[in-house]
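Read the structure below first, then the notes.
Here, each number is a calculation from the coordinates, and none is a lab measurement. Bear in mind the structure is a predicted one, so any value in this text is a computation, not a measurement. Glycine gets a Cβ as well: all are built from the backbone with ideal geometry, and neighbour counts include every protein chain shown.
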Amino acid sequence: MEQRVNIQQTHPEAYKALYSLAAGLNKSGLSPILKHLIKVRASQLNSCAYCMNMHTKEALAIGETQQRLFVLSAWRETNLFTEEEKALLALTEEVTLIANKGVSDTTYNAAAKFFSAEAIAEIILLTILMNAWNRIAVSTHMQVDK
C-alpha cells in the first residue's frame, strides 16, 4: 500500500489545530491509562493500524499490560477491566460509532457514575480527536513504523 497525500504538508494549519487540541487534552485529568484505552479502542473500531501500533506501544511503556491490550476488543467478555474503564470504553465506542444509534442514555449515565462532566467532555473530545487521526491515517495510507 502506497502512502497517499501528506495532509500535514498540504494543510499544515489544519494539522496544527489537531495538535493544539491534542496538547490541551494531554493536560486533562484523565489518567494516562484511560487515555490510551480510548486511543486504542477507537483505533481498533476504525481499523487504523497506524494508530493502533503507536498507541499500544505507548500504553505498554506507561504500564498497561499486554493481556489487557490483547483482549481490549472483547472488553465486555472479561473481568480484566474495572467498571469505570468499561463505562469509558462504552462511551468511546458509541461516540466512534455515532451513526449507528448515537450515545444512549444508558451509556452516558453509566459514565456519569464514575466521571465528572469535565471528564466526560474530555472522553468525548479525545474520542473525536482519535477518530480524526484515524480517518487521516486510514484514508492516506499512513505506514506503520516497524
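See the values below:
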{"item": "Qualifying residue in region 72-81 (condition: more than 16 Å from the chain's Cα centre (by Cα), hydrophobic (A, V, I, L, M, F, W, C), exposed (fewer than 12 other Cβ atoms within 10 Å of the Cβ) and assigned to a helix (DSSP H, G or I))", "result": "no"}
{"item": "Unmet requirement for Glu94, which otherwise passes all of (1) closer than 23 Å to Leu25 by Cβ; (2) surrounded by fewer than 18 Cβ atoms within 10 Å (Cβ to Cβ); (3) charged (D, E, K, R)", "result": "(2)"}
{"item": "Checklist (1) out of contact with any helix residue (DSSP H, G or I) (no Cβ under 6 Å at 6 or more places or on another chain); (2) assigned to a helix (DSSP H, G or I); (3) touching a residue at least 12 places away in the same chain (Cβ under 8 Å); (4) within 21 Å of Val144 (Cα to Cα) applied to Leu60, failing item", "result": "(3)"}
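Results for (1) of a type in the set (Gly, Ala, Ser); (2) closer than 29 Å to Gln3 by Cβ; (3) under 12 Å from the mean Cα position of the chain (by Cα), shown as yes or no for each residue.
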position: Leu21; (1), (2), (3): no, yes, no
position: Gly29; (1), (2), (3): yes, no, no
position: Lys35; (1), (2), (3): no, yes, yes
position: Ser43; (1), (2), (3): yes, yes, yes
position: Cys51; (1), (2), (3): no, yes, yes
position: Ala61; (1), (2), (3): yes, yes, no
position: Phe70; (1), (2), (3): no, yes, no
position: Glu85; (1), (2), (3): no, no, no
position: Ile98; (1), (2), (3): no, yes, no
